[in-house]
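Some notes on the structure that comes next.
Read-outs throughout are calculated quantities, based only on the coordinates presented, and are distinct from any laboratory measurement. Predicted, not measured: the structure shown is a model, and the values here were computed from it. Here Cβ is always computed from backbone atoms with ideal geometry, including for glycine, and neighbour counts include all displayed protein chains.
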Amino acid sequence: MFYTLGQREGLGIGGRQDSQQSPWYVADKDMVNNRLIAVQGNDHPLLYASSLVAEQLHWINGQPIKDSLSCTAKIRYRQADQNCQVYLDGDTICHVDFENPQRAVTPGQSVVFYDGEVCLGGGIITESRAPL
C-alpha cells in the first residue's frame with residue numbers, strides 16, 4: 001500500500017546497472033489480494049489514464065462550477081498544465097477527461113484546476129481510468 005503509481009525506485013526487481021532491460025514501474029495495486037502490479041518500461045500503456053474521478057472538491061471562490069468546465073489541470077507539482085474538461089457530479093465529486101492521456105494518475109493525490117495563472121480549485125483523486 002505504500003507504493004505510488006509510477007514509482008520506479010525501491011521495488012527490488014530488475015533495474016540492474018549492467019542490464020539493457022527497461023526499468024519496472026508500479027502500474028496498479030490490488031489491495032484485496034495484496035498484489036502489486038508492475039510493468040516494464042516508462043511508456044507502458046498501463047501507466048497512463050485518460051480520465052479521473054476526484055472527491056472532496058474545494059473551489060477557491062467558494063462556488064462549484066455549473067455543470068462542466070474547460071480548463072487546465074495538474075496532477076503533479078511541477079507538471080505542465082494539461083487541457084481537460086471537468087464535469088461536476090453533485091457538489092463533492094467531479095469527472096475529469098484529459099485531452100491527452102496522463103502518466104501515473106494516483107488515487108490519494110491531488111488534482112488542481114487552473115484558468116491560465118488563476119487557481120480555480122481542486123480535489124483528491126479517487127479513481128483513474130485507462131485510455132479507450
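What is the sum of charges around LEU36, taking Lys and Arg as +1, Asp and Glu as -1, for the other residues whose C-beta is under 10 Å from the C-beta of LEU36?
In short, 0.
Could you please rank TYR87, TYR25, placing first whichever residue has the fewest other Cβ atoms within 10 Å of its Cβ?
Lowest count first: TYR87, TYR25.
Which of the trypsin sites (Lys or Arg not before Pro) across region 1-75 are loop residues per DSSP, with 10 or fewer other Cβ within 10 Å?
Sites meeting the loop and neighbour criteria: ARG16, LYS66.
Please give, to one decimal in nm, the separation of the simple spin-label points placed at HIS58 and LEU46, each 7 Å out from Cα toward the Cβ.
The modelled label-to-label distance comes out at 3.4 nm.
Go ahead and run the numbers for FRET between TYR87 and SER22, Cβ-Cβ distance against an R0 of 35 Å, rounding to 0.05.
So the FRET efficiency works out to roughly 0.45.
Among HIS58, LEU5, GLY41, whose Cα projects farthest towards the positive end of the dipole of the chain, with charges put on the beta-carbon of Lys, Arg (+1) and Asp, Glu (-1)?
GLY41
Around VAL105, under 10 Å between beta carbons, what's the net of Lys plus Arg minus Asp minus Glu among the other residues?
My count for the surroundings of VAL105 gives +2.
What is the sum of charges, Lys and Arg at +1 and Asp and Glu at -1, for the other residues whose Cβ falls under 14 Å from the Cβ of GLU127?
In short, -2.
Please compute the volume of the convex hull spanned by the alpha-carbon atoms of the chain and report it per residue in Å³.
124
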